[in-house]
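The values are calculated or read from the model by the stated rules, or taken from the named source; none is laboratory data. As the structure is a computational prediction, the values presented were derived from the model and not from experiment. So basically every Cβ, Gly included, is an ideal-geometry build from the backbone, and we count neighbours across all protein chains shown.
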Amino acid sequence: MAGNVVKFKVCIPLKLRSGLTGRKPAICHYSYNLPLWFIVKRDRLSIKLEIKEIEKMGRTNYMEQQKDEYNEIDPPLSESEISERKHEKRVVKIIKDESLSVNPVTLKRYLDCFKEKLRLPFKVTGIESDFEYSDYGDKTPNANERFEVVEFIEDVENYSNLFVKVRVENTSEIFELQLFEFKPIESSVEIIRMFEDYTEWIETCL
């Protein structure tokens, strides 16, 4: 125990062989740095402050705060977990909904983001997917096919996700297809990541 320590003698009763009680000196150690009365007072004060904090924040909010503080000292995350959390943060930043729900409101926010970032016509290519289209011969465009996004479909109430009108490159054919089935061609890292985040969000949360 750190601190200034003093020694003093006290007499304690010791039982003798004969059954009589005698008094013998004993050495006691006492630290000035950690007096018992201060430890007890400090603990009581801590409890009182915690109670006041619970009353001020409400039990639910207080427990959430404690959980967040506890999570900060959890074991380090794996690279995949870190990547997933970063993805979720980017999506939440756009849709402003921590539940990551796919609904007309969050779709409209993502649509506004795409309209702000992309200049039409925008060149894209298809990606592999398990989903089928109602147009374009009921098949998914693959990486060998090139398209141009020529228009965003504004209606988010009657669609489960964002749709766009695309033109097959070097043709006049235009189809109305799902945006998450495409990826950009020769674009910036920011745009590529935006497409990837949107596609993962739709495939995971829809």
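What single numbered condition from (1) surrounded by 16 or more Cβ atoms within 10 Å (Cβ to Cβ); (2) assigned to a loop (DSSP other than H, G, I, E, B); (3) at pLDDT below 90 fails to hold for T171? T171 satisfies all of (1) surrounded by 16 or more Cβ atoms within 10 Å (Cβ to Cβ); (2) assigned to a loop (DSSP other than H, G, I, E, B); (3) at pLDDT below 90 except (1). Within segment 108-129, one or more residues are polar (S, T, N, Q), over 20 Å from the mean Cα position of the chain (by Cα) and not in a strand (DSSP E or B).
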